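Asker: My questions will all concern the structure given below.
The values are calculated or read from the model by the stated rules, or taken from the named source; none is laboratory data. This is a predicted model, so every value here is computed, not measured. Cβ coordinates were reconstructed from backbone atoms using ideal geometry, including for glycine residues, and neighbour counts include every protein chain displayed.
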Amino acid sequence: MTASPPPSPRLPTAPRVDEVACAATVARLRAHREPRVLVVGNPNTGKSTLINAVAGTHLKVGNWSGVTVEKREAHLKRGEQTIHLLDLPGAYSLSPHTPEELITRTALLDEAPDVLLNVVDAGNLERNLYLTLQLLEFRVPLTIALNLVDEARNKGLEVDAGALSAQLGVPVVETVGVKSLGTAGLLDATLSGAQVGAVLRYPDAIEAAAAELEGRMVNLSTLPPHAHRYLALSLLEGDPSLRGRLSATGHTDLLDAADAHRAALELAGLDPLIEIAEARYARAGEIARLAVPQAELKLTLTEKLDKLALHPWLGIPIFLALVLTVFRLTFTVAAPFVDLIGGPLQDVASGWAAGLLGWAPLLKDIVVGAIIPGVGTVLSFLPTLLVLYLAMSFLEDSGYMARAAFLADRSMRGLGLDGRAFIPLILGFGCNVPAVYATRTLERKSDRVLVSMILPFMSCSARLPVYVIFSAALFPHAGAWIVWSMYVLGMAVAFAFAWVLRKTSLPAEGSGVLLELPPYRFPAWKVMWTHAARRTASFAKRARTTVLATVAVVWVLLSIPAVSGQAFGEVAPAQSLFGRVSQAISPVFAPLGFGNWQATGALVPGFIAKEVVVGTLGQIYLGEEAKRAAPLGFAQGVEQTALATWNAVKTSVQALPTLIALPSFGADSSAEQKTPLAAALARAFTPAAGLAYLVFVLLYTPCVATIGAMQAEHGRRVAWLTVAYEMGIAWVAGLIVYQIARHFL
Amino acid sequence: MIGFMGDVTLDTLKPGAAAHVVALDARHPLRRRLLELGFIRGARVEVMRFAPLGDPVHLRLGRTDLALRAADLHGVTVRAVQGGV
C-alpha cells in the first residue's frame, strides 16, 4: 500500500501553519541522527499489533518509572539513522482519565518528540480523529497510520486515504497490522513525509484567549514550545491534571490568567470545554464524511456475536463456561509440566549436583537443599502462568474481556468497583500472580490496590492439594463438599475484607463507569505469544530473588541444630532451629486445635508455595528423608529427563479432549484415600482441627511469588500490610471454625 | 440549555430506542470523558441492550459501542428520535 503524498494543506479555516517553520522542521528531521518517533492512538486500534509488526524483535518492553504502565520502545537502524520509537499507551484524548493516558500526555510534553505517528482505526474515523485533531495542536510533524482498513471494508466502510490526507494536511498510510500490510514503508513515510498539519480553529473568543495564554508562555522556558497551543487550550478546558502539573512547577500566574479567561468566557455564555469538544467533533465529522463515502452498513460479526455473548439468558452461562475452560486448561495442559519441573527435573538436577559436588558437602547441601528447590519453585510456576497469560491475552485482544466486565459489573457495585475488577478475581482461582497484574485494567489506583489485597483469598490451584489430602484423611465421604466450601469461604472473606477496606482505608474514589465494547477481533498469535511469554519471563526474573531468599532462610533454619552434639545440616527437623521455632510458635495455634509443632512447621514453607505444605507434612509425619539426592550420572540424568518430559507432553496432550467434559470434583480425593500421609494426618488431627487447619491454609498469607508481584505493582507497604492482615484474619477464622466445629464433628 | 417537552434522561430509554443528545449535566462525574467520546449536542445515541443483571446499558454512539451505568445516564438529557430504530 502506498502513502498518499502530503499535498499542501487544504485549510478550510484560516491557516496558522507557518510554512517556513514547518519546512525547517522536516529538514531538521531528515538530517537528525536519532529522531524520536512517538506512537499515539486510541485504545483498540490495533496499535500494539502494528508496532510489533514494525519493530519486531527490536521492541523492548519495560515499565515507565514509578508506575506500572508498560513502556514499549525500540531502537531501529535505518541506514545511517537510529530511530527511537516510543509506543505510548492507548488514549482516547489528551486530558488524561487513566494512568495510561497520563503517561501519554506527559510523554508528549516531555519526551521531545521529533515526529508523531498517529494510529487511527479506519472503522471508527470520527472518534479517532478527535485525538488526531488534539495531536495536531502540538507543533510537531505527524503521520497517520490508517489501520484496520480490512476490518473497515468488511463493515462496508471504504476510507479515501487521499481525501483524509488532504483534509488534515499530513500523510496517511494504509495499514493492516495483523497482516503486516503497509508496515514496511510506514517508518519511511513517517520520517520523510511527516507534516505539521492543519490546525483547527475554534470560536474567536476561545482563539483570542488561547493566543493570550500562548503569548505568556513564550518567556517560560520550562514549557516546551511545541506544546504551547495544546497547553493553552487544555488550560481553557480546565484539565484538572494539567492544573496540578503546572501549579507544582510554579506556574500560578499562568493558571490565574487561564482562570480569568475561563470566567470571562463563561460569563459570555461559552463553556470552553463544550465549545472545544463540539468544534473538534464538528470538524472530525466533516472530515469523516468527506473521507468515507456513504456506505450501506452491514450487520457485522461483532453484532452477531454480541447477540449471543450478551444475551439476557445465555450471556452469563457462556461467560462461566469460558472461565471454566480457562481453568481446565491450566489443570490439564499446564499441570503435567508443573509436576515435571517440581518432580523429575528437580530430582535430576539434584542428582547431578550431588554427583559433581561430592567433594564439598556443605556446598552440595546448599545447592541441593536450597538453590535447586528455590529455582525449581520459581520454574514450576511458569507453565501455569504461561497458560493463564495466554488465555488472558486471548480474552483481552479478542475484545471479550470488555464484555465480561459488562456482564459482571452489577455484581461488583456493592464494593464500589466496576465489572473490570471481576477478571483479576476470577484469575485468582488459577494463580494469584497473574491476577495481581490483571488489576492494571482498573482505572483507579485505589481500586487496583483493593482488588490486589483481597485477591489472595481467592483459592488458587496450589491450595487444592492441601484440601484434597485433608479431605481424604478426615472427611472421606464429604471431600467434594469440603473443597467447595473452601472456595466459597475464600470468596466470602474476600468480599467482607473488601467491604471493611472500603469503609476504613480505601474509600471509592470518584464514580461513573465507562467501558468501550470494541469490535471482536481474532488476536494475532504472535502478539499473544510474545505478550504471554514476556509476562511470564518478567515474573521469573523478579520472583527469583524473593523466592530464592525465602527458600535459603528456611533451609538454614532447618540445617542449624538446636541441640548440642549435632553438626550443621545433619539434624532431624524436630531438633533443628526450624523445629524449635515451630515449637515456640505452636501455642499460638492451640485455640485453633492444631497447636503441635509439626502442623505449625508445615505452614512456614507454605509461604513459598502453598502446595509445599503437603510435602512438608509428609516429611515431618512420615519421617521421609528430606530428599537425600543420590549422585546421578550424566547419561542417566538425560535419560530420566527425556522420559519424564515425554510423559508430561503425553499427559498434557491426552488431557485436551477432556476439556469439553464437565469437571468432576472429588474424584481425586478418593484416589488419595489410602496414602500413608492421609492415614498419619487422620491420627494427628481431629476433624475439627483439620477443618480449622484448612481454613488457615486457605487464608493465611499470599505465597512469596504473589507478595513479589504485589510489591512490584503497589510497593512494599501494600504487600506486607496484606500479609499482616491476612495472618490475623486467618487466625480468627480458624479459631471460629474450630470452636464451632469441635462441638459437631 | 432550554428545556423541551420531549426531553428525557438517557436512562429512561428502552433497548432499540434512539435519541439525540441535548445536554450533559454540569456536575456529571464523567462529563469531560463523555464529551471527548462524542456525547455532544446533537450526537445520535442508540440503546442496544441492558446487561443480563439489568445494568449497565450497552449504547452505540456513532460507531463506538459503550457500556454505561443507568445512574451515569441519568445526567444525560436526550430528545428521542421519532420512530427510532
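For (1) basic (Lys, Arg); (2) over 23 Å from A:Val466 (Cα atoms); (3) in contact (Cβ under 8 Å) with a residue 40 or more places away in the chain; (4) touching a Leu at 6+ places or on another chain (Cβ under 6 Å), each residue gets a yes or a no:
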{"residue": "A:Thr550", "(1), (2), (3), (4)": "no, no, yes, no"}
{"residue": "A:Leu592", "(1), (2), (3), (4)": "no, no, yes, yes"}
{"residue": "A:Ala609", "(1), (2), (3), (4)": "no, no, yes, no"}
{"residue": "A:Gly615", "(1), (2), (3), (4)": "no, no, no, no"}
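Asker: Could you list, in sequence order, all residues of segment A:277-328 that are of a type outside the set (Gly, Ala, Ser), outside the structural domain of A:Arg420 (by TED's automatic domain parsing) and farther than 24 Å from B:Pro15 by Cβ?
Answerer: A:Glu278, A:Arg280, A:Tyr281, A:Arg283, A:Glu286, A:Ile287, A:Arg289, A:Leu290, A:Val292, A:Pro293, A:Gln294
Asker: To continue, here is another question. So, in segment A:605-629, how many residues would count as being of a type outside the set (Val, Ile, Thr) and either modelled with pLDDT of 65 or more or in a helix (DSSP H, G or I) (or both)?
Answerer: Here the count works out to 13.
Asker: Give the residue that is modelled with the highest pLDDT, with candidates limited to residues of segment A:595-604 that are of a type in the set (S, T, N, Q) and in a helix (DSSP H, G or I).
Answerer: A:Thr600
Asker: For B:Leu59, are the conditions met, namely being more than 7 Å from chain A (Cβ to nearest Cβ), closer than 26 Å to A:Gly399 by Cα, buried (at least 17 other Cβ atoms within 10 Å of the Cβ) and modelled with pLDDT of 95 or more?
Answerer: Judged against the criteria, B:Leu59 is a match.
Asker: Okay, moving on. Which members of segment A:501-544 meet the condition of being in a helix (DSSP H, G or I), free of Cβ contacts under 8 Å to residues at least 12 places away in the same chain and either of a type in the set (Val, Ile, Thr) or within 30 Å of B:Leu61 (Cβ to Cβ) (or both)?
Answerer: A:Thr504
Asker: Take segment B:62-75 and flag every residue that is at the interface with chain A (Cβ under 7 Å from one of its Cβ atoms) and of a type outside the set (S, T, N, Q).
Answerer: Selection gives B:Gly62, B:Arg63, B:Asp65, B:Leu66, B:Ala67, B:Leu68, B:Arg69, B:Asp72.
Asker: Please note which helices (runs of 4 or more DSSP H) are completely contained in segment A:248-312 and include at least 3 residues that are surrounded by 12 or more Cβ atoms within 10 Å (Cβ to Cβ) and acidic (Asp, Glu).
Answerer: In segment A:248-312, the matching helices (runs of 4 or more DSSP H) lie at A:272-291.
Asker: Also, quick follow-up: Would you check if A:Met528 is assigned by TED's automatic domain parsing to the domain that holds A:Pro383, of a type in the set (A, V, I, L, M) and under 27 Å from A:Ser380 (Cα atoms)?
Answerer: No; evaluated as a whole, the condition is false for this residue.
Asker: Can A:Ile426 be described as over 20 Å from A:Leu102 (Cβ atoms), assigned by TED's automatic domain parsing to the domain that holds A:Ser393 and within 14 Å of the chain's Cα centre (by Cα)?
Answerer: Taking the combined requirement at face value, the residue satisfies it.
Asker: Within segment A:430-449, can one find any residue that is in a loop (DSSP other than H, G, I, E, B), at pLDDT below 90 and small (Gly, Ala, Ser)?
Answerer: Within segment A:430-449 (the criterion being in a loop (DSSP other than H, G, I, E, B), at pLDDT below 90 and small (Gly, Ala, Ser)), the answer is yes, since at least one residue qualifies.
Asker: Can I ask one more? Within segment B:18-51, which residues are touching a residue at least 60 places away in the same chain (Cβ under 8 Å) and either surrounded by fewer than 21 Cβ atoms within 10 Å (Cβ to Cβ) or within 11 Å of another protein chain (Cβ to nearest Cβ) (or both)?
Answerer: Selection gives B:Ala18, B:His20.
Asker: So in segment A:696-724, with the set limited to residues that are under 25 Å from A:Gly66 (Cβ atoms) and not in a helix (DSSP H, G or I), which one is farthest from the chain's Cα centre (by Cα)?
Answerer: Selected residue: A:Pro702.
Table: residues versus (1) within 12 Å of another protein chain (Cβ to nearest Cβ); (2) under 28 Å from the mean Cα position of the chain (by Cα); (3) free of Cβ contacts under 8 Å to residues at least 24 places away in the same chain; (4) under 30 Å from A:Thr645 (Cβ atoms).
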{"site": "A:Leu273", "(1), (2), (3), (4)": "yes, no, no, no"}
{"site": "A:Ala282", "(1), (2), (3), (4)": "yes, no, yes, no"}
{"site": "A:Pro312", "(1), (2), (3), (4)": "yes, no, yes, no"}
{"site": "A:Thr330", "(1), (2), (3), (4)": "no, yes, no, yes"}
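Asker: Something else: Considering only segment A:31-141, give the strands (runs of 3 or more DSSP E) lying wholly within it that have at least 1 residues that are buried (at least 23 other Cβ atoms within 10 Å of the Cβ).
Answerer: Because the criterion is at least 1 residues that are buried (at least 23 other Cβ atoms within 10 Å of the Cβ), the strands (runs of 3 or more DSSP E) in segment A:31-141 that meet it are A:36-41, A:81-87, A:115-121.
Asker: Something else: Need the failing condition index for A:Val368 against (1) surrounded by fewer than 22 Cβ atoms within 10 Å (Cβ to Cβ); (2) in a helix (DSSP H, G or I); (3) more than 14 Å from every other protein chain (Cβ to nearest Cβ), just the number.
Answerer: That leaves (1) as the condition not met.
Asker: When both residues are 6+ apart or on different chains and their Cβ atoms are under 6 Å apart, which pairs have a first residue that lies in segment A:405-429 and is more than 9 Å from chain B (Cβ to nearest Cβ), and a second that is among the hydroxyl-bearing types (Ser, Thr, Tyr) and surrounded by fewer than 24 Cβ atoms within 10 Å (Cβ to Cβ)?
Answerer: Qualifying pairs under 6 Å: A:Arg420/A:Thr441.
Asker: So, in segment A:307-357, of the ones that are in contact with a Lys or Arg (Cβ under 7 Å, 6 or more places away or on another chain) and at pLDDT below 90, which residue ends up farthest from A:Ser652 (Cα to Cα)?
Answerer: A:Leu357
Asker: I'd like to know if segment A:184-206 contains one or more residues that are free of Cβ contacts under 8 Å to residues at least 40 places away in the same chain and part of a loop (DSSP other than H, G, I, E, B).
Answerer: Within segment A:184-206, one or more residues are free of Cβ contacts under 8 Å to residues at least 40 places away in the same chain and part of a loop (DSSP other than H, G, I, E, B).
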